[in-house]
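Beneath this line is the structure, given in structure tokens, with notes to follow.
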Amino acid sequence: MSRYHTELLMYVAPEPIRAANERWIARILEQLGHARLSADGLSLPELWLSPDLLLTQTCGYPLMTQLRGKVRIVGRPRYELPDASAGNHCSLILCRADDPRKTLADFRNSRGVINSEDSNSGMNLLRQRLAPLQQNGQFFASVSLSGGHRESLRWLRENLADLAAIDSVTYACLAQYAPEEVSGLRQVARSAFSPTLPFITVARATDEQGERLRRVMNQSLRELPDVVQTLGLVEVLPATESDYRVILDYQHEAEDLGYGRLR
């Protein structure tokens, strides 16, 4: 029995989400007749580029900037959640509910927080939305790195930052299963839509192997309706690199307006 890395680490909280992902992984491996290889100690980039990778999920921005030609896209998830549908999602741009500022322009010279500089939902989509509002290449008085969307939410709740862009799938999961993490916050605006986070496998996988993996993922979902309900993930749609070029279009839009770096 072959052993491969099979990890879904982009949406791992709250606990019902993590547990549902684990059940889905177990069913996929069972159908393929493979065993799971531990990924303990691997960073996300190391996992994405591992020669022993069977299946994982990455962010669309590193897919198009760091991983092009180095991985094979298996498909993209079709979530049916608030602000995520038909293979697309967006970012919700949030502040504290008691903040008197109403529009994005009102937040000029405020404190921004992003989860990561290579995040599409936390940085790229926010940059594209703020680009028309920046002045001399700057919008915020300061921008901090939190390390994750949940941490960015905590920064908002604890008045360590004023504005953050949160992936709409993450927000929907927390709103349902850990509402205290989004309590006391308010949506100021919504970003443009972009394709949902792609599932990937090793670059050497053939088209047939990638398609078989996607079929098995969907068959496993059909056999696990409770997993579908928990994740809000109805199916895995076919996807190619061209679907994700819009992410670079958003980057170029911001750059053309003189806002190549979110600050």
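The values are calculated or read from the model by the stated rules, or taken from the named source; none is laboratory data. Given the structure is predicted, the values throughout are model-derived calculations rather than measurements. Virtual Cβ from ideal backbone geometry, glycine too; neighbours counted across all protein chains shown. Heads up: the accessible areas ignore ligands, DNA and RNA and are worked out on the full protein's heavy atoms, side chains in. Shrake-Rupley method; radii C 1.70, N 1.55, O 1.52, S 1.80 Å.
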Looking at region 212-248 only, could you name the residues that are open to solvent by 80 Å² or more (accessible area, probe 1.4 Å) and either touching a Cys at 6+ places or on another chain (Cβ under 8 Å) or over 23 Å from T201 (Cα atoms) (or both)? P225, Q229
Failed item, numbered, when A192 is tested on (1) open to solvent by 20 Å² or more (accessible area, probe 1.4 Å); (2) touching a His at 6+ places or on another chain (Cβ under 9 Å); (3) of a type in the set (G, A, S): (2)
Region 137-161: number of residues that are in a loop (DSSP other than H, G, I, E, B), open to solvent by 40 Å² or more (accessible area, probe 1.4 Å) and touching a residue at least 12 places away in the same chain (Cβ under 8 Å): 4
Top-ranked residue of region 16-40 - restricted to ones that are within 18 Å of Q219 (Cα to Cα) and among the basic types (K, R), ranked as surrounded by the fewest Cβ atoms within 10 Å (Cβ to Cβ): R23
Name, by its number, the condition in (1) open to solvent by less than 10 Å² (accessible area, probe 1.4 Å); (2) over 28 Å from E46 (Cβ atoms) that does not hold for A164. (2)
Quick check on region 31-40. Is at least one of its residues under 27 Å from L125 (Cβ atoms) and in a loop (DSSP other than H, G, I, E, B)? no
Being of a type in the set (G, A, S) and closer than 28 Å to Q128 by Cα is the filter here; which residues of region 212-263 pass it? G232, A239, S242, A254, G258, G260
Consider only pairs whose beta carbons are under 6 Å apart and that are at least six residues apart or on different chains; among these, list those whose first residue lies in region 1-20 and is within 18 Å of A178 (Cα to Cα) and among the β-branched types (V, I, T) and whose second residue is open to solvent by less than 60 Å² (accessible area, probe 1.4 Å) and modelled with pLDDT of 95 or more. I17/C173
Subset of region 1-10 (residues that are open to solvent by less than 20 Å² (accessible area, probe 1.4 Å) and either farther than 12 Å from I200 by Cβ or among the hydroxyl-bearing types (S, T, Y) (or both)): T6
Take the residues in region 196-211 that are assigned to a strand (DSSP E or B) and in contact with a Pro (Cβ under 8 Å, 6 or more places away or on another chain); name whichever of them is most open to solvent (accessible area, probe 1.4 Å). V202
Taking the condition of being touching a strand residue (DSSP E or B) at 6+ places or on another chain (Cβ under 6 Å), hydroxyl-bearing (S, T, Y) and within 18 Å of V236 (Cβ to Cβ), how many residues in region 57-92 meet it? 2
Restricting to region 215-244, count the residues that are in a helix (DSSP H, G or I) and in contact (Cβ under 8 Å) with a residue 24 or more places away in the chain. 13
Take residues that are charged (D, E, K, R), crowded, with 22+ Cβ neighbours inside 10 Å and at pLDDT 95 or above and tell me which of the strands (runs of 3 or more DSSP E) falling wholly in region 41-118 contain 1 or more. 71-79
